[in-house]
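The values are calculated or read from the model by the stated rules, or taken from the named source; none is laboratory data. Keep in mind that what you see is a predicted model, and the values were worked out from it rather than measured. Here the Cβ is made from the backbone with ideal geometry for all residues, glycine too, and neighbour counts use every protein chain on show. Accessible surface areas use protein heavy atoms only, side chains included; no ligands, DNA or RNA. Shrake-Rupley method; radii C 1.70, N 1.55, O 1.52, S 1.80 Å.
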Amino acid sequence: MAAITYKNASCIYEGSDKLAVDNLNLDIQDGEFVVLVGPSGSGKSTALRMLAGLEDIDEGSISIGGKDMTGVPSKDRDIAMVFQNYALYPNKTVAENMGFALKLRGVSAEERRKKVEEAAKVLDLTEHLDRKPAKLSGGQRQRVAMGRAIVREPQVFCMDEPLSNLDAKLRVQTRTQIAALQRRLGTTTVYVTHDQVEAMTMGDRVAVLRFGKLQQFASPNELYDRPANAFVAGFIGSPAMNLFTAEIASGGVRVGDSIFELERDQLTKLSESGLKEVTVGIRPEALEVTETGGVEVVVDLVEDLGSEAYVYTHAGTGGVELVARCNPRTAPRLADTVRLRRHPEGVVHLFHPSSGERLN
């Protein structure tokens, strides 16, 4: 079993007065693919390095397979690390790079070759085993780094932004391969990225961090459909969720010279809260362009993606900015004045204007 538990785990760097990771609690199941995501400085890489034994756990604990890792050296944790830079030996062949850790362990040449060939077959590297890293593409080098981790057959894979050095097309291709490979191997994996699209498409569950604190730990669908706070709501999704703070008015909230209507139960919730303002969140696909009703806006930009279009707008002078998804064939034009209203099946999210915590 390789379940991982972060229990009130904290880390602070020398000379700093702020925790890099602050009281982190995570329960990661055996065989699960978990992604740590957040902006720069959120503590995601530090949390991974704590698991790998590369950073000290100053408070709390981290356990792997039920064994407390506090004070346990990296080499004794039975983990394999895949870094942002491939860290391959340029003077060694692909096969030698993949099997080097096994050689250090004293594994026989025959056994090493067998494990390397099995991993190469999985990673489609068989024909490259005798090449050196300089003769490989970026994606192939990353697969070699993956192979080096696989042949060790560890309890846990730790991956620190392994796709950062690849171009956009290759990133999409390689992340699909990594996700499929992890499901095939069934090895518990903790993966760090700043790319929320990468996180949403790869992880069984995603932990969103900010300033060292865990904001939400849930499945991609739950993060998208029910964000715990305004930060998660704005961070998850591309384009991002529309978020604006507005005055509560009769029937909804005031946006420019219009009223953005809310449902009765939402209005009741706001009335009970005693708030005068509320932060409203609505996804671009939950808004539709209409001729009547809704909120009057001016079109600033139309982003035509072929299969769909996104209309970037603002309401009033220097007012609320809203993005709506629409049919590219019927999209409005730049500087047009149109109206936006909630799609009948669209969900409106309400957050506290100060704390950002979810209200509905």
Contact list please: Cβ distance under 8 Å, first residue in segment 65-76 and under 17 Å from Cys11 (Cβ atoms), second residue polar (S, T, N, Q) and not in a loop (DSSP other than H, G, I, E, B), pairs at least six apart or on different chains.
Asp68/Ser61; Met69/Ser61; Met69/Ser63; Thr70/Ser61
Can you give me the number of residues within segment 18-48 that are among the basic types (Lys, Arg) and in contact with a strand residue (DSSP E or B) (Cβ under 8 Å, 6 or more places away or on another chain)?
1
Of everything in segment 66-80, what is within 26 Å of the chain's Cα centre (by Cα) and assigned to a strand (DSSP E or B)? Give them in sequence order.
Ile79, Ala80
Yes or no: Val190 in contact (Cβ under 8 Å) with a residue 40 or more places away in the chain, in contact with a Cys (Cβ under 8 Å, 6 or more places away or on another chain), β-branched (Val, Ile, Thr) and under 20 Å from Gln84 (Cα atoms)?
yes
Can you tell me which residues in segment 112-121 are closer than 26 Å to Arg183 by Cβ and either of a type in the set (Asp, Glu) or surrounded by fewer than 17 Cβ atoms within 10 Å (Cβ to Cβ) (or both)?
Lys114, Glu117, Glu118, Lys121
Take the residues in segment 272-310 that are within 23 Å of Gly251 (Cβ to Cβ) and polar (S, T, N, Q), then tell me which one is most open to solvent (accessible area, probe 1.4 Å).
Thr292
Test each condition in (1) in a loop (DSSP other than H, G, I, E, B); (2) touching a residue at least 40 places away in the same chain (Cβ under 8 Å); (3) open to solvent by less than 70 Å² (accessible area, probe 1.4 Å) for Asn97 and report the one that comes out false.
(1)
Any pair with Cβ under 8 angstrom, 6 or more apart, that starts in segment 217-231 at a residue that is in contact (Cβ under 8 Å) with a residue 12 or more places away in the chain and ends at one that is assigned to a helix (DSSP H, G or I)
Pro220/Ala199; Pro220/Met200; Pro220/Thr201; Leu223/Met200; Leu223/Val232; Tyr224/Met200; Pro227/Ala233
When you scan segment 4-49, how many residues do you find that are touching a Lys or Arg at 6+ places or on another chain (Cβ under 6 Å) and within 17 Å of Val156 (Cβ to Cβ)?
2
Given the criteria open to solvent by 30 Å² or more (accessible area, probe 1.4 Å), over 27 Å from Glu247 (Cβ atoms) and modelled with pLDDT under 95, does Thr337 qualify?
no
One residue from Thr188, Thr174, Thr193, Thr201 being among the hydroxyl-bearing types (Ser, Thr, Tyr), open to solvent by less than 10 Å² (accessible area, probe 1.4 Å) and closer than 30 Å to Gly346 by Cα:
Thr193
The conditions are (1) within 16 Å of Met159 (Cβ to Cβ); (2) of a type in the set (S, T, N, Q); (3) in contact with a Leu (Cβ under 9 Å, 6 or more places away or on another chain); (4) open to solvent by 60 Å² or more (accessible area, probe 1.4 Å), and Ser74 fails exactly one of them. Which is it?
(4)
Of all residues in segment 210-266, count the ones that are within 13 Å of Val320 (Cβ to Cβ) and open to solvent by 30 Å² or more (accessible area, probe 1.4 Å).
7
Within segment 311-323, how many residues turn out to be farther than 20 Å from Gln266 by Cβ and crowded, with 17+ Cβ neighbours inside 10 Å?
5
Contact list please: Cβ distance under 6 Å, first residue in segment 114-136 and over 19 Å from Thr174 (Cβ atoms), second residue open to solvent by less than 90 Å² (accessible area, probe 1.4 Å) and among the small types (Gly, Ala, Ser), pairs at least six apart or on different chains.
Val116/Ala95; Val116/Gly99; Leu129/Ala95; Leu129/Ala120
